[in-house]
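S.K.: Dumping the structure here so I can ask a few things about it.
Rule-based calculations on the coordinates, nothing more; no lab input. Since the structure is predicted, the reported quantities are computational estimates derived from the model, not experimental observations. Here the Cβ positions follow ideal geometry from the backbone for every residue, glycine too, while neighbour counts run over all protein chains shown.
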Amino acid sequence: MNTVNRPFRKKDAMQLVTGQPVYMDDLVPADCLIVKLLRSPHANAIVKSIDTAVAKKVPGIEAIFTWEDVPQDARRYTQAGQTYPEASPYDRLLIDRHVRFVGDVVAIVAGKDDKCVDKALKLIKVAYEVLEPVLDYHTAKDNPILVHPEDNWESLCPVGADNKRNLCAHDECSDGDIDGVLADCDIVIDHVYHTKACQQAMMETFRTYCSIDLYGRLNVLSSTQIVFHARRIIANALHIPKSMVRVTKPRIGGGFGAKQTAVCEVYPAFVTWKTKKPSKLIFTREESQIASTPRHEMEIHLRLGADRDGTIRGLDLYTLSNTGAYGEHGPTTVGLSGHKSIPLYGRAEAFRFTYDVVYTNHMSAGAYRGYGATQGLFAVESAVNELAAKLHMDPFKLREMNIVKEGQVMPAYYGAVNTSCALDRCLAKVHEMINWDEKYPCRDMGNGKIRAVGMGMAMQGSGISGMDVGSATLKVNDEGFYTLLIGAADMGTGCDTTLAQIAAEVLECDLDNITVFGADTDTSPYDSGSYASSTTYITGKAVEKCALKLRSQICKLGAQLLDCSENDVEFDGKTVFASADPSKSVSLSDIATASMFGHDIPLEVTETHMSPLSPPPYMVGAAEVEVDTETGEVKLLEFDACVDCGTPINPNLTRVQAEGGILQGIGMTLTENVTYDQRGWPMENSFMQYKIPTRVDVGKIRVEFENSYEPNGPFGAKSIGEVVINTPLPAISDAICNAIGTRFYELPITPEKIAMAVAETEGAVG
């Protein structure tokens with residue numbers, strides 16, 4: 001292959017490192033209205049009255065909107081970026097009289113500048129009827145206090161939702177006699193695992209600019225992963241035709257799933273639609289911390305049964321997920337906690353997976369890289385590590401005995417066949433990379449310092465099977481260069497480059513000969529969006545199909561120019577020539593010119609792709625840590641990982657994706673934490689309190705690949721974006737356990753927790 005599986009530099013790399021690219025706020029006119037939101041100080045309350053008269057008199061204020069400007073009996077909507085009909089319930093109004101978390105929207109203020117808007121926000125007088133909130137998700141289900149008591153709440157899909165029970169979703173599935181199998185097992189690991197909510201913390205906060213075009217349509221420029229879903233969400237929220245909304249995406253300064261939810265788009269859209277004036281809303285970092293879409297807090301009760309020889313026979317997993325005040329992504333994230341953890345163990349005789357997703361008066365949760373699999377894999381992999389310790393068996397050997405193999409049917413993965421898998425080779429590679437036999441389980445370095453290692457495995461998916469749709473348009477331009485139009489959103493991942501590589505491989509051209517443009521609901525072909533690890537596998541396959549079809553069209557027009565049959569010509573990327581006489585040829589440039597004059601063979605093609613399968617990528621990771629037993633401080637010395645993502649289209653970009661995901665997993669394990677006080681106030685409203693790791697906080701991160709070949713992906717590719725965040729959680733937590741002898745079932749594992757565990761152990765010994 002000339003282009004695929006080669007480490008080409010990212011198309012926009014030089015522009016990025018020289019500071020040339022522009023983002024949303026760089027494209028906005030200076031005289032647009034500034035939009036800001038008045039937020040609720042109460043976790044659960046009814047707005048009894050709101051007085052905006054004085055605030056409206058502030059010079060420069062254009063408009064103030066409250067619940068009185070939004071029909072309270074109108075149809076509700078969801079802000080989740082999902083294919084219609086969405087699994088997430090329709091439980092929002094643009095401004096609701098009933099506020100459901102600290103930070104919920106009470107009023108929208110628009111004015112000529114920040115100063116006047118800030119002043120007006122302070123002058124709005126609100127009287128609340130404060131209600132008792134539901135703050136403990138353990139007691140939310142069937143609680144007499146309802147987060148959504150309204151009658152116009154609705155669920156479009158049968159996900160087991162019932163707003164009169166504070167239930168956003170419920171389901172149970174199984175295979176085999178799990179109770180009988182567990183009763184017959186020699187060892188049963190039975191624990192509850194708790195993962196807190198955590199923030200995506202992307203560099204660019206949520207932001208949107210809106211204007212009215214010359215046709216009276218609402219034009220939305222937003223930092224979003226989901227232009228087509230955003231169009232529907234905005235139209236539903238404003239109750240206007242979708243034909244009146246256009247959504248485009250500029251360069252995005254990171255998303256990680258947060259921008260799969262339309263967190264901010266509807267508010268400036270409402271302002272602009274009402275006033276017919278351009279407006280913009282930019283979330284502060286504080287707003288992004290207290291009123292965004294963090295990872296779902298989950299509590300997972302796992303029972304894992306095995307025989308004394310190490311054979312894992314059954315897994316019984318129950319997940320309780322806290323969706324917060326609204327149901328965005330609640331019904332869909334929870335499924336991955338079981339469906340993308342249990343199938344790792346292909347020899348298991350039985351499984352059961354049950355879940356409840358409940359409403360509370362906390363900030364609404366949403367999509368975050370890993371999307372529920374992260375939480376489930378922490379539980380399952382931690383349990384397997386504990387099983388290895390009980391059996392005095394090496395965790396690598398235990399997994400080698402039990403892992404799913406290529407060709408196996410995976411009952412817990414919707415009955416799908418494992419079509420490509422190099423998990424066994426990933427295990428062997430990481431074992432070698434970290435020098436496991438020499439370091440396992442721990443080494444006393446003296447002076448209270450202990451070094452230890454731990455490991456874990458992961459799987460994810462490649463798009464949402466049978467649902468996600470990717471599309472691509474390719475056209476030949478003057479002089480024979482190509483334009484690739486996509487609806488997928490590059491968030492800094494380099495998908496523009498990756499997709500161009502796929503097209504260039506088929507068309508046998510230089511990468512620079514392909515210009516990529518997207519995403520725009522008016523001009524891009526429909527694409528579900530950049531989420532669920534779908535871009536390379538789904539949209540990439542659409543690009544491959546599109547390029548093959550365009551190649552055929554080039555040959556057809558070339559044959560016409562050569563006055564011969566299409567079957568008698570070939571294309572080498574530069575010329576179409578007669579198979580029997582290569583000297584008889586016509587250049588691509590001449591073919592492009594001919595298509596524009598006197599010929600009716602179009603050199604523009606659109607193709608769409610959907611896959612009934614979502615082949616999992618696999619990953620193995622191992623961590624070496626140094627624990628200071630006196631302070632509880634953990635230093636990550638080394639993290640080694642090996643990923644099976646099929647054929648890496650661009651190994652450089654794939655490696656960077658893995659390194660970034662590992663860093664986020666490290667943060668989730670050790671430092672990142674979303675907590676609330678007794679009133680429901682979020683405690684971490686800035687990066688002073690919310691600790692994300694930086695590059696200097698971690699040691700050496702090394703990533704290698706063991707390639708399988710996925711027959712359903714473009715050139716054998718699967719996904720990479722999400723699987724990479726999942727292994728640090730069990731690997732680091734097990735390394736800490738190997739260092740101090742205490743196993744943690746709740747994240748994050750802070751120095752305080754470690755120091756207290758060491759003190760308790762020493763006290764017990766003393």
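S.K.: Could you give me the ³J(HN,Hα) list for region 283-300, computed from phi with Karplus coefficients 6.51, -1.76, 1.60 and θ = phi - 60°, whole Hz, x at Gly and Pro?
M.R.: Each residue of region 283-300 in turn: 5, 6, 4, 4, 4, 5, 8, 10, 9, 10, 9, x, 4, 5, 5, 9, 10, 10 Hz.
S.K.: If one computes the Cα centroid of region 157-175 and of region 624-671, what distance in Å separates the two points?
M.R.: 35
S.K.: Let me ask something additional. How big, in percent, is the set of alpha carbon pairs in the chain lying more than 39 Å apart?
M.R.: So the portion of pairs separated by more than 39 Å is 39 percent.
S.K.: Also, I was wondering about something else. Determine the sum of side-chain charges near residue 409: Lys and Arg each +1, Asp and Glu each -1, restricted to other residues whose C-beta is under 14 angstrom from that of residue 409.
M.R.: After counting each charged neighbour, the total is -1.
S.K.: With θ taken as phi - 60° and the coefficients 6.51, -1.76 and 1.60, list the Karplus ³J(HN,Hα) couplings across region 586-602 in order, rounded to whole Hz; mark glycine and proline as x.
M.R.: In residue order, the calculated couplings are 9, 6, 4, 4, 5, 5, 4, 5, 4, 5, 9, 8, x, 9, 10, 9, x Hz.
S.K.: Something else: If you keep only loop residues by DSSP, which chymotrypsin sites (Phe, Trp or Tyr not before Pro) in region 644-739 have at most 16 other Cβ atoms within 10 Å of their Cβ?
M.R.: Within region 644-739, the qualifying chymotrypsin sites (Phe, Trp or Tyr not before Pro) (loop, at most 16 other Cβ atoms within 10 Å) are 687, 709.
S.K.: Here's something else I'd like to know. What does the charge count around residue 89 come to, taking other residues whose C-beta lies under 11 Å from its C-beta (Lys +1, Arg +1, Asp -1, Glu -1)?
M.R.: For residues surrounding residue 89, the net value is -3.
S.K.: Quick one: plug the Kirkwood hydrodynamic radius of region 464-610 (C-alpha pairs) into Stokes-Einstein at 20 °C, 1.002 mPa s, and report D in µm²/s.
M.R.: Taking Rh from Cα pairs, D becomes 138 µm²/s.
S.K.: Let me ask another. Quick check on the chain: helices-only [θ] at 222 nm, where DSSP H runs of length 4 and up contribute -39,500 (n - 2.57) each and the sum goes over total residues. Nearest 500, please.
M.R.: Result for the chain: -7500 deg cm²/dmol, rounded to the nearest 500.
S.K.: Now a separate question. Per-residue HN-Hα couplings for region 406-413, Karplus 6.51 cos²θ - 1.76 cosθ + 1.60 at θ = phi - 60°, whole Hz, x for Gly and Pro?
M.R.: 4, x, 6, 7, 10, x, 7, 10
S.K.: While we're here: Just want the ordering: 142, 179, 496, from fewest to most Cβ atoms lying within 10 Å of their own Cβ.
M.R.: 142, 179, 496
S.K.: Could you work out how much longer the chain between residue 444 and residue 188 gets when fully extended? Use 0.36 nm per residue separation minus the Cα distance between them, nm to one decimal.
M.R.: Fully extending the segment from residue 444 to residue 188 adds 89.1 nm.
S.K.: I've got another one for you. Test of understanding: what is the full-extension gain from residue 154 to residue 301, defined as 0.36 nm times their sequence separation minus their Cα-Cα distance?
M.R.: 50.0 nm
S.K.: Could you work out Rg/(2.2 N^0.38 Å) for region 369-483, with Rg from alpha carbons only?
M.R.: 1.57
S.K.: Could you tell me which of the pairs 10/475; 141/340; 475/545; 57/125; 405/545; 405/439 are separated by over 19 angstrom between their Cα atoms in the structure shown?
M.R.: 10/475; 141/340; 405/545; 405/439
S.K.: At a 10 Å Cβ-Cβ cut-off, how would you order 444, 309, fewest neighbours first?
M.R.: So the ranking, lowest neighbour count to highest, is 309, 444.
S.K.: Using 1/(1 + (r/R0)^6) with R0 = 56 angstrom and r between the beta carbons of residue 683 and residue 2, what's the FRET efficiency to the nearest 0.05?
M.R.: 0.55
S.K.: Could I ask something else about it? Compare the peptides 105-116, 375-386, 42-53 by average per-residue count of other Cβ atoms within 10 angstrom and give them in order, highest first.
M.R.: Going from most to least packed, we get 375-386, 105-116, 42-53.
S.K.: Ok, one more. Counting other beta carbons within 10 Å of each residue's own, what order do 433, 491 fall into, fewest first?
M.R.: 433, 491
S.K.: Quick one: which residues, 5 or more positions from residue 435 or on another chain, have an amide H under 5 Å from its amide H? H modelled 1.01 Å from N in the peptide plane, none for Pro or chain starts.
M.R.: The answer is none.
S.K.: OK, next. Report the residues of region 390-422 in range of a label on residue 309: point 7 Å along Cα→C-beta, backbone N strictly under 18 Å from it.
M.R.: Residues passing the 18 Å test: 391-394, 397-404.
S.K.: Please work out how much length the chain gains when fully extended from residue 162 to residue 139, using 0.36 nm per residue of separation minus the C-alpha to C-alpha distance, in nm with one decimal.
M.R.: Taking residue 162 through residue 139 to full extension adds about 6.7 nm, to one decimal.
S.K.: Region 171-269: which chymotrypsin sites (Phe, Trp or Tyr not before Pro) are DSSP loop and have at most 14 other beta-carbon atoms within 10 angstrom?
M.R.: Passing both the DSSP loop test and the Cβ count: 215.
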